[in-house]
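Each value in this text was obtained by applying a stated rule to the coordinates, not by laboratory testing. All values reported here derive from a predicted model rather than from experimental measurement. So basically every Cβ, Gly included, is an ideal-geometry build from the backbone, and we count neighbours across all protein chains shown.
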Amino acid sequence: MTMNETQPLPPEGELTPLPSETSAPVGPTPDDNDRLWAAAGYATQLLVPVVVPVIMLLSESNKERDFQRYHAVHALTLLAVTVLYEIVATIVYSILSALSAGCLACIMWPIFLLPAVAFIYYAYLAYQGEYVQVPYMTQFLRDQGWL
């Protein structure tokens, strides 16, 4: 396809996946235990980071469970991204609060809670038995061979 040619639009109401997104891994349907471990891998990042996903990756009984491994790797990577986000958010918060003589500090504090929303959302999806597709991150993990 040349630059001047365009692709036909999908029928109205139908979504097309991004080219970088691929389908979820094919494997056995996750059971209740798999779904609970996967959801806990995300949800516990808010209180005791790293512990549950590392247990999921190191435990002999959980090592062979693809669903649990998939979500454990996602949870750990999402935690690393969250740490970077919080550092940037703290810098932005401090600068804007100083420039506004503290006025913006009163309304900008929710930016620190945004990662918690993501962890809770992905925990919910994992508990529903879905393989989550985190934009950009999932493709990066696949390219690195971690998924």
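A few comments on the model shown:
- Phi to ³J(HN,Hα) by Karplus 6.51 cos²θ - 1.76 cosθ + 1.60 over region 34-39, Hz, x for Gly, Pro: 4, 5, 5, 4, 5, 5
- When every Cα-Cα distance of region 32-130 is counted in 5 angstrom steps from zero, the calculated P(r) takes the values 2, 14, 22, 18, 13, 10, 8, 6, 4, 2, 1 percent.
- Sorting 104, 99 by the number of Cβ atoms found within 10 Å of their own Cβ, with the fewest placed first, yields 99, 104.
- A DSSP coil position with no more than 12 other Cβ atoms inside 10 Å describes the following GluC sites (Glu not before Pro) in region 59-106: 64.
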